[in-house]
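Here's the structure, in C-alpha cells; my notes come after.
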Amino acid sequence: MTAVHTKKEETLHQKGPKPISRSRPLSSSLLLWIFILLLVYMLGFAQAVLVPIFLAFFSYMVLRPATRALERIHVPRMLGAALTLMVVAGVIGFASIQLIDPAREWISHAPERISTIEGKVQGLLKPFDQIRKYADEMGNIAVREDPKNRAVSIKNESFSDVILGGTQAMITKGVVIVVLLYFLLVSGDRLWIGISGWSSKTDSNSFMKVVRNIESRLSVYLLTLTIINACTGFVVGLGMFFIGMPNPVLWGVLAGLVNFVPYLGAMVGEIIVTMVALFSFDSVGHALLAPLIYFAVSFVEGNFITPMILGRQFTISPVLIILSMIFWGWVWGIIGLFLAVPVLVLASVLRESISPLGDEPRASALS
C-alpha cells in the first residue's frame, strides 16, 4: 500500500506544474498582440515622420547596387551618390515638367467637364438621380423636424489653397528624403556593418551577403516593374493617340503610374480615361473605344506579361496583395498603396534570405 501511495503522490507531483507552464504562452501571445497594436498605432500617428524615413531607406536599398557599380569603376562614393540622385531627380523632374501644364489645364476645367459628361450620360444616371433626390428630401425633412438644429458656418478652402498646402508638404518631405538618401548612399555598407555588430553571434560576412541579395533583388524587381509599366503607358498613350484623344501622353503616363498599384490602379485609370473620353468625343460609342483599349492593354499586361516575367522570382498570393493594400492604404493613404507590393516583396526576399542562415545552427547542432 505504501508503494502504491508513493507512486500516486509522484504522479500527482509530476502533473502539478503543467497548468503553470501553460499560462506562459498565453502571456507571451498577449504581449505580442499588444506590441502589434502599438506598432500599428505608431505607424499611423507618426506618419509625417516615418514616411520620409521609410522611403529614404527603401530607396537606399534599391539604389545601392547602382552606387556600388560606380565604386567598382573607381568613382568616389560621394560623387557616385550625387550622380545617382541627379539622374533619378532629372527623370522625375523632366516627366513632371512635361505633364504639369496638361494636368493643370484638366484640373482647372474639371467641374465644367464633369457637368458635360453628366449631360451625355444623363439617361444612364436617371436611377441614381432619383435616389439622390429622395435622399435630399429625407434630409431636408429631418433638418426641419430637428428642434436642436443650429446654423453652422463652414469655411470652405479654395482649390488653390488645398493644392498649395499639399505641394508645400510634398516639397518638405521630398527634401528630407533626398538629404537622408544622399547620406545613406555615401555611408555605403557601414550602416549594415554597424547593425551586424550589435550581435556577437551574427557572422558579418553572411549578414552582408543577405543584405546584398535583398538589395539586388529589390532593384531588379522595381526596375523590371518600371519597364513593364512604362511599356504599358506607352501602348495606352499610343492607343489614345490613334483614336484622337487629346493629350495622349498624359493618359499614357497616368496608366504607367497607377499600374504600380495592382488591381485598384487599373480600375482608377479605367474610370478616369472613360470620363475624359466621354467629354472629348461627341459620340458615346466613339468615347467607349478609350476604356476598351485601356482594358485590353491592362488585361494582357496583368494576366500574361507581368506573370511571365516576374512570376518565377516574385510569386505572391493575390489575397496577400489585397490585404497588404488595405492595411498600408489605411495606415499611410496613397503612399501606402504604392508601397504595399514592394513591402511584400521585401518581406518575401528577406524570409528567403534569412531562412538558410537560420538552418545553419540546427545543422551544426545535429552533426
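The values are calculated or read from the model by the stated rules, or taken from the named source; none is laboratory data. Since this is a predicted model, take the numbers as computed values, not measurements. Positions of Cβ are generated from backbone atoms using ideal geometry, with glycine treated the same way; all protein chains shown enter the neighbour counts. Accessible surface areas use protein heavy atoms only, side chains included; no ligands, DNA or RNA. Shrake-Rupley method; radii C 1.70, N 1.55, O 1.52, S 1.80 Å.
Per-structure values
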{"read-out": "Looking only at the stretch 322-340, and only at residues there that are closer than 14 Å to Val268 by Cβ and of a type outside the set (Gly, Ala, Ser), the one that is most open to solvent (accessible area, probe 1.4 Å)", "value": "Ile334"}
{"read-out": "Evaluation of Leu32 against (1) at pLDDT 85 or above; (2) in a helix (DSSP H, G or I) (one fails), failing number", "value": "(1)"}
{"read-out": "Filter pass, Ile293 being over 19 Å from the mean Cα position of the chain (by Cα), hydrophobic (A, V, I, L, M, F, W, C) and either more than 13 Å from Thr232 (Cα to Cα) or open to solvent by less than 50 Å² (accessible area, probe 1.4 Å) (or both)", "value": "yes"}
{"read-out": "Residue among Ile316, Ile272 that alone is farther than 30 Å from Val49 by Cβ, open to solvent by 20 Å² or more (accessible area, probe 1.4 Å) and in contact with a Leu (Cβ under 7 Å, 6 or more places away or on another chain)", "value": "Ile272"}
{"read-out": "Tally of residues being assigned to a helix (DSSP H, G or I) and under 18 Å from Val88 (Cα atoms) across the stretch 229-262", "value": "5"}
{"read-out": "Any hit, the stretch 165-188, residues being under 29 Å from Ala347 (Cα atoms), at pLDDT below 85 and open to solvent by less than 20 Å² (accessible area, probe 1.4 Å)", "value": "yes"}
{"read-out": "Members of the stretch 238-267 that are of a type in the set (A, V, I, L, M) and open to solvent by 60 Å² or more (accessible area, probe 1.4 Å)", "value": "Leu238, Val249, Leu257, Leu264, Met267"}
{"read-out": "Out of Leu323, Leu339, Leu344, Leu310, sole residue that is closer than 21 Å to Ala230 by Cα and either among the acidic types (Asp, Glu) or at pLDDT 85 or above (or both)", "value": "Leu339"}
{"read-out": "Single condition Ser199 does not satisfy, out of (1) at pLDDT below 85; (2) in a helix (DSSP H, G or I); (3) not charged (D, E, K, R)", "value": "(2)"}
